[in-house]
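The values are calculated or read from the model by the stated rules, or taken from the named source; none is laboratory data. Only a predicted model underlies this, so the values are computations on that prediction, with no experimental measurement involved. Don't worry about glycine lacking a Cβ; one is built from the backbone with ideal geometry, like all the others, and counts go over all protein chains shown.
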Ligand code: MSP
């Protein structure tokens, strides 16, 4: 089977923001998912570069429209790879082949009598780039742009859209999956219950020159929507390329609700007029708001994808967007909500399952995935749940219910975390007669993680690769995995060598994270009293003699446990080489069992101090970054416990 998945082509009058990133991440994830189902996928995005809006923005910037379009189009093209978005084609409406295709199509529609010259008076909204009907206005204004539309009266060319109204209604009714979710299908049908007007498809050059000239009248340029929609055909080489034959029947467009009408009404009728079947699916999503408010330049709350990536990392951004929005409905973005997802879903649930399982395989079976023995009831339950998860995930992904697909994965992550608690591998490891049971448990964890890696990789490609490598696969094996041949239970080969690495996701502190902010969220000013204090501190240097007073040693953790009633503290029993107890404020970042066997650096000559009833004889060193991520320091390679650090 083939799939041709597209995003809208974005106007070059604004730089990429969270909304554009969302649609494009959905398209990328879906494309990766269907490739994982061994399908032949083509994924297209691009930029829409003609029309009033772009001409105005170029004028405001004091440069020619093409130069302006080149600049912003490049920003879109460059915005995608850092977000792990890999389109197969990036189309621009100023591309030569697109201009040629638009003119060929216009001529074809004109020749068969579906375009006529008429006169038009109406209210034109520059923001929407279209005439609005009285019904659409709210208190005389465009509801989307809050501007009063301009009355315009002029001669123009019209496309006989009304001629295809009955055919379109019939097509939508016969094909329930033509426009989804259903609410948008209903919206379109309700709009079509009133008589459809013909579509004005030209602009006189006396008013606008930045567009594609009509092939049959050089005094006019093409209306930007008639030009833009055709990108979906140009990109696959309409009318006679192999790609066109291969992909047009499998076309699926992803858009947000703002551009439903052009895609659900103009586009299928245009296609009908040129004798092509309509696209297969139109998938319509809702809007991202920011802290419940509409994202807008004037409010100053526009969120840039690059800022998010730098703050949270690409996979956290991708996961958050796919998990948080229910496709079709609006959703709200906030730093708090993405931090909450990172801490609970990624660092806690997935990250802990991963690091606990790998640490135990490393420690108890020398880093080799063991061979399983007979399965108990709880093993079967885990295996069954993991295999069902793949089916459930596949169904939900196919119906664009990405949040539900991810919920299904997290149900298994949580079951596997419980499985660790009930099977207690660290207890089994102490009893030689329980080796078979321990092997089975560790194998089951590795196998569950393999299936989790498989289904998560379309959403989080970097994390997927990291997990696959840690589980002992090569990058080529990761790239060759698929949902058809690799979804059964028991495919992990025992004897594979795992590779322990860094934790997958750090925990983040719950604070507002946009820019460098103080505790009240205000941007810090240069030259402030705080900066002065920092400068004074920098001058507060330590002498080498003072530094020499510290006795830094390598310590090996033998046991770790939570300290009752404390959320932060862990009690560590270490050898250096003599045994001693340390108390460390790291419980929010590490599970006790993943610490056992690790070497860390400690300050060995601190005065003992009693914390929550436990006396600490030293301090473990850890690094913490500005985002509140924490990692324990350790020697580069294993060395005898007690070695001096100097
Ligand atoms: N150029 C037209 C589309 C032509 S397609 C043949 C256009 N461009 S746009 O730059 O305005 O992009 C609109 C699209 O950007 C939306 O349909 C959606 O995909 C995305 N989004 C813009 N703002 C958004 C949100 N606030 N939330 C979610 N998606 C949003 O219209």
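Structure values in brief
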{"quantity": "Any hit, the stretch 212-221, residues being buried (at least 18 other Cβ atoms within 10 Å of the Cβ), modelled with pLDDT of 95 or more, within 16 Å of the ligand (Cβ to nearest atom) and assigned to a loop (DSSP other than H, G, I, E, B)", "calculated": "yes"}
{"quantity": "Condition met for residue 73 (within 23 Å of residue 308 (Cα to Cα), more than 16 Å from the ligand (Cβ to nearest atom) and crowded, with 19+ Cβ neighbours inside 10 Å)", "calculated": "no"}
{"quantity": "Residue list for the stretch 310-331, restricted to those being outside any helix (DSSP H, G or I) and within 16 Å of the ligand (Cβ to nearest atom)", "calculated": "325, 326, 327, 328, 329, 330, 331"}
{"quantity": "Selection count where residues are over 14 Å from residue 93 (Cβ atoms) and within 12 Å of the ligand (Cβ to nearest atom), scope the stretch 8-51", "calculated": "14"}
{"quantity": "Test result for residue 286, modelled with pLDDT of 95 or more, touching a helix residue (DSSP H, G or I) at 6+ places or on another chain (Cβ under 9 Å), on the phi > 0 side of the Ramachandran plot and crowded, with 17+ Cβ neighbours inside 10 Å", "calculated": "no"}
{"quantity": "Residue ID - farthest from the ligand (Cβ to nearest atom), chosen from residues in the stretch 193-203 that are modelled with pLDDT of 95 or more and touching a strand residue (DSSP E or B) at 6+ places or on another chain (Cβ under 6 Å)", "calculated": "198"}
{"quantity": "Qualifying positions in the stretch 242-260 - within 11 Å of the ligand (Cβ to nearest atom) and part of a helix (DSSP H, G or I)", "calculated": "257, 258, 259, 260"}
{"quantity": "Residue within the stretch 278-285 that is assigned by TED's automatic domain parsing to the domain that holds residue 165 and more than 16 Å from the ligand (Cβ to nearest atom) present", "calculated": "yes"}
{"quantity": "Single condition residue 3 does not satisfy, out of (1) under 25 Å from residue 278 (Cβ atoms); (2) more than 14 Å from the ligand (Cβ to nearest atom); (3) surrounded by 22 or more Cβ atoms within 10 Å (Cβ to Cβ)", "calculated": "(3)"}
{"quantity": "Residue 367 being surrounded by 15 or more Cβ atoms within 10 Å (Cβ to Cβ), touching a strand residue (DSSP E or B) at 6+ places or on another chain (Cβ under 6 Å) and at pLDDT 95 or above", "calculated": "yes"}
